[in-house]
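In what follows, a single structure is set out as structure tokens and then discussed.
The values are calculated or read from the model by the stated rules, or taken from the named source; none is laboratory data. Remember, it's a predicted structure, so these values are computed and weren't measured experimentally. Here the Cβ positions follow ideal geometry from the backbone for every residue, glycine too, while neighbour counts run over all protein chains shown.
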Amino acid sequence: MGYFIFGLADVAFFISLIVTVYFGFRSKKNKEAYRDKFNHSIIAAFVFFILLLASSSLMPDTSSDESASKPKEEKVQSSSSSEEETQSSSEEENDDDQLTASQVTKINKQLVANLEDDQNDAKGGNKNYDWSNYVLKIVINHNWQATVYVDGSFVDLNEDARNEVASRTNGLIGRSIVIAGVDYSPERSREGIYMNFHNGPDILGRSRFTDHTSIKWNK
């Protein structure tokens with residue numbers, strides 16, 4: 001609407017200016033005939049000039065809109081890029097802290113082989129590996145947590161004997177991780193692997209968060 005009014009005022013002022021010049025030129029030759037018309041044209045030109053100025057104030061200020069929207073767009077883009085960077089950083093941290101599916105497969109395969117070797121040594125008369133006879137299977141997941149399945153005779157062991165089995169099992173898991181070619185940092189090695197001990201559907205105990213080699217037994 002502001003553009004329309006401004007356009008009309010601009011055209012009217014331009015026409016009145018031409019008419020004023022025309023009557024001004026004519027009045028020099030014939031003052032009596034064109035004096036009044038010349039005066040009227042001056043007044044009209046002045047009025048249209050005032051209208052032109054007034055209508056210009058109705059024009060929308062596009063420059064301020066653009067300047068106002070530009071920072072907003074930049075802010076949105078900046079916020080979006082920041083969120084992407086944060087998300088990317090978070091994903092990298094998660095990737096570093098978790099095992100891949102391929103690594104889990106390699107470690108679990110190595111756990112089977114190493115447990116079988118220790119059990120064979122126990123059967124061969126090496127009492128240092130007697131603890132392995134209580135362990136049926138060990139499975140690690142992508143969160144570096146291992147589930148240790150034990151047989152029924154494990155339930156009859158006293159706490160000291162259970163702790164011995166748990167400590168040896170944690171050592172076996174760490175050894176299997178290294179042999180499988182997976183990075184096992186000194187910090188994680190000192191902390192040990194978090195373990196859950198199961199006898200069938202029963203959960204017998206789990207690692208303490210402060211020390212994964214120390215087990216809190218439920219039964």
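Confirm whether VAL182 is in the same structural domain as TYR129 (by TED's automatic domain parsing), within 34 Å of the chain's Cα centre (by Cα), exposed (fewer than 15 other Cβ atoms within 10 Å of the Cβ) and of a type in the set (A, V, I, L, M). So VAL182 fails the test. Residues that are loosely packed, with under 13 Cβ neighbours inside 10 Å and either in contact with a Leu (Cβ under 7 Å, 6 or more places away or on another chain) or outside the structural domain of LYS127 (by TED's automatic domain parsing) (or both): does segment 150-173 have at least one? Checked against the condition, which is being loosely packed, with under 13 Cβ neighbours inside 10 Å and either in contact with a Leu (Cβ under 7 Å, 6 or more places away or on another chain) or outside the structural domain of LYS127 (by TED's automatic domain parsing) (or both), segment 150-173 yields at least one hit.
Only residues that are within 42 Å of the chain's Cα centre (by Cα) and in a loop (DSSP other than H, G, I, E, B) were counted across segment 155-164, and they come to 0. Screening SER207, SER176 for residues that are surrounded by 18 or more Cβ atoms within 10 Å (Cβ to Cβ), of a type outside the set (A, V, I, L, M, F, W, C) and touching a residue at least 60 places away in the same chain (Cβ under 8 Å) leaves exactly one candidate, SER176. Listed by first and then second residue, the pairs linking a residue in segment 143-157 that is at positive phi to a residue that is part of a loop (DSSP other than H, G, I, E, B) and not basic (Lys, Arg), with Cβ atoms under 7 Å apart and 6 or more places separating them unless they lie on different chains, are TRP144/LEU99; TRP144/ILE193. Can you find a residue that is over 16 Å from GLN145 (Cα atoms), modelled with pLDDT of 95 or more, assigned by TED's automatic domain parsing to the domain that holds ILE179 and of a type in the set (D, E, K, R) anywhere in segment 96-116? Yes, segment 96-116 contains a residue that is over 16 Å from GLN145 (Cα atoms), modelled with pLDDT of 95 or more, assigned by TED's automatic domain parsing to the domain that holds ILE179 and of a type in the set (D, E, K, R).
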